[in-house]
């Protein structure tokens, strides 16, 4: 169908833009810090602001996607994203930049959650696996291109030009989405069908939890403040659950988590992202500090896993003809376990061939696991819960990323300080500390493999 092609184009532009923005901004952070004369902790607010609003509003956006016309949502989200990112390039005050990034996070949530949701809603079931793979490939392209384009702009122009990367994609997204808005049938929504209380409680619960975990990673963080943040998070979680049990209709149908495959997909995404993003955080330290390789070589090595993922994700439907979705999910976890085991042997003398092989295996794991698990979770859902289901898995990924970076970084520091009591060279102690953390990643990936054995097989 013509509308399906337009829809696929729109959601892939959205995925490409969102992921490219996130990866490109990281490159510019040191220059932004220098320009505004900030601490590392302060400049991290640029990432924190958008993550807070994006994760906090994910469930809300998921429900909106179920209630309103997809093309209209995409037009508004692309417009907000384009306007805020363009305004960010011209702001002269740091806290104006933070405010713009916070607003942009709401559009980011809509643009990211809507991809798997619309595949579930509008694409034939026998084509969904392929489209999840292509959508994931667009995410991978964004992750890969962001640092390259961002680095080029920062080096040859100014840091603020990084925020203009998204403008052409936002304009293209608006044009395609306007076309989609005419092609898809609009279904009117009944009044009083949005759970406002549930939306507020869910946003506050997730926001306080994100702030708590970020504060937890700060050295000498105020203990009383941590307790207060966590207490508020639990309070709003309690209020949210209480509201959802009585609200008709609810923001999130809690009974969805009684669906085995959906529940396991959420747990699986959390654990997979925990391990993958956590080890991704540590790898540059190994490449640049332990081995003494330059940032260019480090960047090239870092691009291997997403590069492999691009290829595998694009051809995931070929694998789906040979293997079941359950087998693909298990295979992805096994490959992740193998890569983590190989990472745990990295030391100051490890061969570049061994390192490259481990990174290739990690890319295979990502390329197989991401689309297969998306398909597993989304296909298990009732047809009416495609938006909130996609949002739930998005939140699982976000908290997996957050916890992975926090715990991997914290454990590395703990191991390094413990080993530093000896008189061994610093690069040797770093490699041993990283090995210990990667062993943890191996254990968690094995646990995730065991959990995936309980998946119910999907019918072909």
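The values are calculated or read from the model by the stated rules, or taken from the named source; none is laboratory data. Every value quoted in this text rests on a predicted model; they were computed, and no experiment measured them. Note that each Cβ is placed from the backbone with ideal geometry, even for glycine, and that neighbours are counted across all protein chains shown.
Observations
Residue by residue, here is whether (1) over 25 Å from the mean Cα position of the chain (by Cα); (2) in contact (Cβ under 8 Å) with a residue 12 or more places away in the chain holds:
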| residue | (1), (2) |
| --- | --- |
| 223 | yes, no |
| 226 | no, yes |
| 234 | no, no |
| 262 | no, yes |
| 272 | no, yes |
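- The set of residues from region 347-367 being within 17 Å of the chain's Cα centre (by Cα) and either in a loop (DSSP other than H, G, I, E, B) or under 18 Å from residue 267 (Cβ atoms) (or both) comprises 365, 366.
- Taken over region 355-396, the criterion of being out of contact with any helix residue (DSSP H, G or I) (no Cβ under 6 Å at 6 or more places or on another chain) and closer than 20 Å to residue 309 by Cβ is satisfied by 355, 356, 357.
- Selection of region 107-149 for residues being over 21 Å from residue 311 (Cβ atoms), surrounded by fewer than 23 Cβ atoms within 10 Å (Cβ to Cβ) and in contact (Cβ under 8 Å) with a residue 12 or more places away in the chain yields 121, 122, 123, 125.
- Taking the numbered list (1) out of contact with any helix residue (DSSP H, G or I) (no Cβ under 6 Å at 6 or more places or on another chain); (2) surrounded by 19 or more Cβ atoms within 10 Å (Cβ to Cβ); (3) under 13 Å from residue 14 (Cα atoms) in turn, residue 76 passes all entries but (2).
- Selection from region 153-191 of residues that are over 30 Å from residue 28 (Cα atoms) and modelled with pLDDT under 85: 181, 182, 183, 184, 185, 186, 187, 188, 189, 190, 191
- Test set (1) in contact with a helix residue (DSSP H, G or I) (Cβ under 6 Å, 6 or more places away or on another chain); (2) outside any helix (DSSP H, G or I); (3) closer than 23 Å to residue 205 by Cβ - residue 248 fails condition number: (1)
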